[in-house]
Amino acid sequence: MNERAATQTGAHRAREPRHAGRPSARRDGRADLRRIAMPEIHRVSMVPSRIERDPLKRFGARMRRWIGGNHAAHDSEAAAPALDAGWRRVARRRRLALVGLVLLQTAVAASLLERTFPFASLTGLEIATLAVFTVLWAWVSFGFWTAVVGFVVRWRNATRIWSADGPTGEVTDTGPLRSRTAIVVPIASEDVRRVFAGVEATYRSLAATGHLDAFDFYVLSDTRDPETQHEEASAWAEVCDAVGGYGRVFYRLRKHNIKRKSGNIADFLRRWGRNYDHMIVCDADSVLAGATVVRLVRLMERHPRAGIIQTIPAMVNRETLFGRVHQFASRVYGPMLAAGLHFWQLGESYYWGHNAILRCEPFTKHCGLSRLPGEPPLGGEIMSHDFVEAALMGRAGWEVWLACDLDGSYEEAPPTLLDELKRDRRWCQGNLQHLRLLFADGIRGGHRAIMAMGVVAYTSSLLWAVFLVLSTLAVAEKWVTVPVYFTATHALFPLWPQWRPELALALAGSTMMLLVLPKLLSVLLIVRARRSAQFGSLPRLAASVILEVVFSTLLAPVRMWFHARFVLLTLRGRQISWSAQVRTDAETRWRDAVRQHRRRRLFMTPEETERPELLTQLADAFDRPREPRPIATAG
């Protein structure tokens, strides 16, 4: 059994011996696999962070800090690097401008709707309709202005994260990395071949950069089925055989599935987190280009205040109609919207739980998750943990950035509408839990806004349904009730109803503009960058956009119905079970699918017209024949 060295934090620490080697004829069961598949443990504590939700207690704690001379928003800020006040002032001005634009546009739209009612005095139904419409229009307006500012940012090529840097994807440093990074892949009952094909593709791409010595890979399994456990262990050994990865690619099967993915990550940090400066978290369907991984590490090394940097994963490899439409929309509209979100959020941005790099030490110290009081679904374990972890990192004074111009990060979309809705059911419950954390102590405004937007993303469907019902009842009321032209007081002239269909048409047209114009702006950016050929051609791109609009319009009522139902079920206390996401289309070989569908006419993406080598390596690893190996599974 060969020996390699265990990593320590920073390149300055000596690497200690760790057990790793090729599984030979020795098959001593579970203990043997543990020695082969996992490095030596160097434990560190990771305790749940206290989140105070009581406003009186929060006020008392803040007063005590103020009297004691500590003006930080929270005690945990003391351990963070000095805050960068520059971008925070810029973010505050931008957010105030956004609020002003949304309020102004919403006020105009609400005034138009109010004038479409036939009488000056509004009924209860009309007041309720107007109130719900105001909330919904504000939500649509926020998306519109985010798209507009993203268009301006993309048009000016001003997408870099830090103004002092060049473009995020530009390689300016060529020296060795100064830090150690773990690439972790938490899984639970996933498609084993796809998981390890992604690990192998990322490994090979990273090896080609010449910086492989600065990285280790961990596949962290929560799988409970013994047969799948055996398959995972066999696949791990096959990948290690294929790339010579023993001692660098590790596999760990967790005995107790506590807190699902967040607990799996926390368990890794307790055992091996002190060995690494950073960790890159991947999903079961993630794959990252080696150059992208190296660039993420260099950004963390250059900016010591950055706690998390989130990439924008491009969706790839889908063959179903639904999957291809979703994939196409994300590739056409996603970059512009991401640039807009980055413009408002700056260092208080999103963390989506995968395809992101995190700084291990502050994450371990500040991002442990405690249970919410009460029973599920709104209590118990935090399901949408990524937003909360980003908020806790921000509370401690660390920055969370969105790398909106960094390519080479990939994931896969749900293949069917039903698979998407199953995923949305989980996300809905998790996001609604954030209602209980919106006003927790020390959470910064940007992260509060992100959690609030996550709630509105699902409750807006319920509001749309309520709006349709109220507006229908308001119209029906006019038809079934006898109009009153004279009030109780004596009046010389009757109160005739005033119908203004032109205002209703103007309002409908404005709504359509807010929804469609961002799509046209995205196409304009693609044409300006001369990237139409990456989507087949300009006519194919235009036809695909038109069909995508039709497709999404037809699906909108379906999504509205299910999302509204999910919200009501969650509020009624109906809990869901957490199962693995479906990540495959059919039994078609990937290589054959690429070859047979190369001449597709619509919904093409850049990864198909100019296929990156990384995705070709993924297809090769996925399609490689596998033979069963009698390797014991770890406990």
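Laid out as a table, the results:
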quantity: Gain upon complete extension [Leu554, Arg88; 0.36 nm per residue less C-alpha separation]; calculated: 163.6 nm
quantity: In Å², nearest 10: area of Arg89 left accessible to a 1.4 Å probe; calculated: 130
quantity: Per-residue SASA entry for Glu348, accessible area with 1.4 Å probe, Å² rounded to 10; calculated: 10
quantity: Residue-span extension gain [Glu375 to Ala506] - 0.36 nm each, minus C-alpha spacing; calculated: 42.4 nm
quantity: Segment Thr174-Leu547, length gained on full extension (0.36 nm per residue, minus Cα span); calculated: 129.8 nm
quantity: Peptides ranked, highest mean first, by Cβ atoms within 10 Å: ranges 229-236, 506-513, 101-108; calculated: 229-236, 101-108, 506-513
quantity: Inter-centroid distance (Cα atoms) of segment 530-553 relative to segment 364-407, Å; calculated: 36
quantity: Arg572-Val527 FRET efficiency (beta carbon distance; Förster radius 45 Å; 0.05 resolution); calculated: 0.40
quantity: Protection-proxy order for peptides 558-568, 301-311, each taking the mean of Cβ atoms within 10 Å per residue, highest first; calculated: 301-311, 558-568
quantity: Cβ-derived FRET efficiency at R0 25 Å, Met513 paired with Ala452, nearest 0.05; calculated: 0.45
quantity: Sites Thr481 and Glu613, calculated FRET efficiency, Cβ-Cβ separation with R0 56 Å, nearest 0.05; calculated: 0.20
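The values are calculated or read from the model by the stated rules, or taken from the named source; none is laboratory data. These numbers come from a predicted model, not from an experiment. Positions of Cβ are backbone-derived with ideal geometry, glycine not excepted, and every protein chain shown enters the neighbour counts. Each accessible area value is taken on the protein alone, full model and side chains, heavy atoms only, with ligands, DNA and RNA left out. Shrake-Rupley method; radii C 1.70, N 1.55, O 1.52, S 1.80 Å.
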